[in-house]
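To keep things clear, I will list the structure first and then write my remarks on it.
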Amino acid sequence: MPKNQSTAAQSARRASRSGVKYTEALRRATTSDMPHAPHALRFLAERSGNLYHLVGGIAAAWAHSGQRVLLLEEAEDYWRWTMRPRSRGRRKKEIEPAIPPEPTTSTLWSSPDGPGLLTRHTCMWETRHPAEENNRGFPRTDRSPLAAAVADFFDAYDVLVLVPKHWSYPDRENATAHVILGEIDIFPDIDCRTALPGPGGEEKGVPLSPEQSAAVLRERCLGFLFGSPHLPIALDGVIWQSNWELPVDADYLAGVDRDMNRAGLRPLGWSLAGRRPLPHKQLPEPDELKDPDFVQRFQLIAERLRAALDARPAGRK
């Protein structure tokens, strides 16, 4: 066996440290020993500020299960806009290129006795050409740096997670899979447009069925995908994160999942944020990624997502 390659028993022992039963972990590790093609995963969300911990937790759960995971993060935009006077009192925007930041790579977590690895690489994803404009008058952009980074790392990792600055746009050129992250502030279990009289004279909303709730969630959380003329995209599933305690039980959520599946959206799990992490738009700290209790919260979703990725037809984009 090659050096540092984990056996199923080693993987099961590592998982058992996070609270998983050893026998169950061994069964999962044995069935996952077959090699799979690497994946370049792009999460899609209308808002991303509260979702970085979810993405980091999924990536950490993969790494703790023995996979090599890279978080490929887009660096902050370094272009500076300057104003230069123009004739007749008007001012014209021009781009003054600054020195682009150097790529940075850091190890967030590594297994002491196996191949599990979580790495973060931050780099510029695109270059801009001030002398060339697109049809909207903005500088033309070239995303070849992202394509080069994906090509450089693709064969060295089991999963590449693309972490952009703007999460609402798919990436058909570089991603091999797209998964929706639906963020829920108020769970739609009642109809707020109608009310029923309750005891004491107060008004109470009409309860929604799980199918009705699923329809509302699709309208609220998926509208950004279909509100503009995007090209068709194959979605590999949906993960829901609620920022507050859910007012429904597991049977109700199972009904929501069944309706999502009927609509062609593979349900991959529900995550409860508990509290909104501060600061927003930042991946978890390395100490959290090493914490078995933190990782355990995302293990089931990570397993379902990995199974969905491995079941994809070969070559599908």
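In the range 187-205, is there at least one residue being closer than 28 Å to R42 by Cβ, surrounded by 12 or more Cβ atoms within 10 Å (Cβ to Cβ) and at pLDDT 90 or above?
Within the range 187-205, one or more residues are closer than 28 Å to R42 by Cβ, surrounded by 12 or more Cβ atoms within 10 Å (Cβ to Cβ) and at pLDDT 90 or above.
Take E94 and decide whether it is at pLDDT below 95, part of a strand (DSSP E or B) and either closer than 21 Å to A151 by Cα or not hydrophobic (A, V, I, L, M, F, W, C) (or both).
Numbers: at pLDDT below 95: yes; part of a strand (DSSP E or B): yes; either closer than 21 Å to A151 by Cα or not hydrophobic (A, V, I, L, M, F, W, C) (or both): yes.
Yes; evaluated as a whole, the condition is true for this residue.
Mind checking which residues of the range 231-257 are loosely packed, with under 14 Cβ neighbours inside 10 Å, farther than 24 Å from V55 by Cα and in contact with a Pro (Cβ under 9 Å, 6 or more places away or on another chain)?
Of everything in the range 231-257, those that are loosely packed, with under 14 Cβ neighbours inside 10 Å, farther than 24 Å from V55 by Cα and in contact with a Pro (Cβ under 9 Å, 6 or more places away or on another chain) turn out to be L231, D251.
Residues of the range 158-169 being touching a helix residue (DSSP H, G or I) at 6+ places or on another chain (Cβ under 8 Å), of a type outside the set (S, T, N, Q) and in a loop (DSSP other than H, G, I, E, B), which ones?
Listed by number, the list holds a single entry, D158.
Would a scan of the range 224-243 turn up a residue that is modelled with pLDDT of 95 or more, in contact with a helix residue (DSSP H, G or I) (Cβ under 9 Å, 6 or more places away or on another chain) and assigned to a helix (DSSP H, G or I)?
No, the range 224-243 contains no residue that is modelled with pLDDT of 95 or more, in contact with a helix residue (DSSP H, G or I) (Cβ under 9 Å, 6 or more places away or on another chain) and assigned to a helix (DSSP H, G or I).
Among R136, R128, R140, R120, which is the only one that is basic (K, R), under 25 Å from N174 (Cα atoms) and at pLDDT 95 or above? Give the steps one after another, and end with the answer.
Numbers: R136 fails: at pLDDT 95 or above; R128 fails: at pLDDT 95 or above; R140 fails: at pLDDT 95 or above.
Criteria check complete, one pass: R120.
Within the range 276-289, does at least one residue satisfy the condition of being modelled with pLDDT of 95 or more and of a type in the set (D, E, K, R)?
First, the residues of the range 276-289 that are modelled with pLDDT of 95 or more: none.
For the range 276-289, residues modelled with pLDDT of 95 or more and of a type in the set (D, E, K, R): absent.
Go through (1) at pLDDT 95 or above; (2) closer than 30 Å to W240 by Cβ for A75 and report which single condition fails.
(1)
I184 passes all but one of (1) within 30 Å of R143 (Cβ to Cβ); (2) surrounded by 16 or more Cβ atoms within 10 Å (Cβ to Cβ); (3) at pLDDT 90 or above; (4) not acidic (D, E); which number fails?
(1)
The values are calculated or read from the model by the stated rules, or taken from the named source; none is laboratory data. Since the structure is predicted, the reported quantities are computational estimates derived from the model, not experimental observations. We place every Cβ from the backbone using ideal geometry, glycine too, and count neighbours over all the protein chains shown.
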